[in-house]
Structure formats: C-alpha cells, structure tokens
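Asker: Got a structure here, written out as structure tokens. Questions coming.
The values are calculated or read from the model by the stated rules, or taken from the named source; none is laboratory data. Fair warning: this is a prediction, and the values are worked out from it, not measured in the lab. Cβ placement follows ideal geometry from the backbone for every residue including glycine, while neighbour counts extend to all protein chains displayed. For accessibility, only protein heavy atoms count, side chains too; no ligands or nucleic acids. Shrake-Rupley method; radii C 1.70, N 1.55, O 1.52, S 1.80 Å.
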Amino acid sequence: MSSTNTENWMKDIGVVDLTGVGGGSTSAATKITALVVDDDSVNQTIHSKMLENLGIQNQVETIFDLILMDMDMPVMNGIEATRKLREMGVRSIIAGVSTCTRDEREQKEFMEAGLDDFQEKPLTTPKLVSILHKLNKKC
C-alpha cells in the first residue's frame with residue numbers, strides 16, 4: 001500500500017487528521033501515546049519510528065493509550081507481562097506482536113492474558129493502522 005493510500009485509508013477511518021499537514025506527514029486527531037515493549041533495540045527503533053510517522057507520541061509516562069507488547073522477551077514474556085498489567089488495572093489497548101507464527105494454543109493464551117489484538121512481525125503500517133482503528137473505536 002502506498003503512503004498516499006495508507007494516509008487516505010487512515011483518514012477514512014478517523015485515525016488521523018490530515019487537514020493543513022504538509023510534506024506527507026500526519027498528525028494524530030487526538031493526542032495518542034504509546035509504549036513499545038520489545039527486548040530487541042532494532043524493533044524498538046522501527047516501531048517507534050512508525051508510530052512517530054503516524055503522529056503518535058512514544059514516550060515514557062504512567063498512562064498509555066497503546067502498548068505494543070513483544071511476545072518473546074528474556075526476563076518476562078509478553079503473556080506474563082500482559083497478565084500483570086491487566087491485574088494492575090491497566091486498561092490501555094495492548095497489541096501483542098511476535099516474530100513468528102504461533103500455534104493456536106500459544107496465541108490464544110496471549111489473547112486470554114488480556115490482549116486487544118495480535119499481529120505477526122514485521123509490524124507494518126497497515127497492521128499498525130488496524131490496531132489504531134481498534135483504539136479509535138474504544139475511545
């Protein structure tokens with residue numbers, strides 16, 4: 001999907017407001033904050049840049065609209081981290097991401113831990129926009 005098509009699609013679903021924005025960049029219709037949870041610094045950088053390109057702030061604060069949760073991390077995996085966040089009362093949209101196709105049992109366990117969505121890596125702009133569409137509906 002080209003950048004223009006992606007922007008038109010995002011505008012159609014109400015994720016971004018392109019009015020008065022030049023240079024092909026977008027700005028969030030409302031302030032959206034996100035947290036990228038991934039043990040791989042390359043994935044952190046890529047996912048952060050993708051969010052930035054969509055006008056979403058990736059920052060460290062106490063409340064997030066969106067959490068991108070990696071499945072495979074060395075100390076605590078995404079299933080356990082998601083479960084703990086939900087037990088703590090975190091109501092943010094949590095989207096799980098994984099580097100490889102998971103069997104249905106493991107993917108189901110991840111969803112049951114409290115995910116709102118699951119996407120396979122590499123995370124692409126259309127996949128991210130799909131997640132944002134769910135965020136937009138929840139707000």
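Asker: In the stretch 92-105, what residues are surrounded by 13 or more Cβ atoms within 10 Å (Cβ to Cβ) and of a type in the set (D, E, K, R)?
Answerer: Going residue by residue through the stretch 92-105, those that are surrounded by 13 or more Cβ atoms within 10 Å (Cβ to Cβ) are 92-99, 102.
Matches in the stretch 92-105: Arg102 only.
Asker: May I ask you to list the residues in the stretch 104-139 that are of a type in the set (Asp, Glu) and touching a Ser or Thr at 6+ places or on another chain (Cβ under 7 Å)? Before you say what the answer is, go through the steps one by one.
Answerer: From the stretch 104-139, those of a type in the set (Asp, Glu) are 104, 106, 109, 112, 116-117, 120; that's our starting set.
Within the stretch 104-139, Glu120 is the sole residue that qualifies.
Asker: When you check Leu115 against the structure, is it among the hydrophobic types (A, V, I, L, M, F, W, C), open to solvent by 30 Å² or more (accessible area, probe 1.4 Å) and touching a Gly at 6+ places or on another chain (Cβ under 8 Å), yes or no?
Answerer: Values: among the hydrophobic types (A, V, I, L, M, F, W, C): yes; open to solvent by 30 Å² or more (accessible area, probe 1.4 Å): no; touching a Gly at 6+ places or on another chain (Cβ under 8 Å): yes.
Here the answer is no, as Leu115 does not meet what is asked.
Asker: Sort out for me the helices (runs of 4 or more DSSP H) sitting completely within the stretch 33-139 that have 1 or more residues that are modelled with pLDDT under 90 and out of contact with any Cys (no Cβ under 8 Å at 6 or more places or on another chain).
Answerer: Numbers: elements: 41-53, 78-87, 104-112, 125-138.
Hits in the stretch 33-139: 41-53, 104-112, 125-138.
Asker: Can you tell me which residue among Asn53, Asn77 is touching a residue at least 40 places away in the same chain (Cβ under 8 Å), open to solvent by 60 Å² or more (accessible area, probe 1.4 Å) and over 14 Å from Leu35 (Cα atoms)? Explain how you work it out, then say what you get.
Answerer: Details: Asn77 fails: touching a residue at least 40 places away in the same chain (Cβ under 8 Å).
Of the residues listed, the single one that is touching a residue at least 40 places away in the same chain (Cβ under 8 Å), open to solvent by 60 Å² or more (accessible area, probe 1.4 Å) and over 14 Å from Leu35 (Cα atoms) is Asn53.
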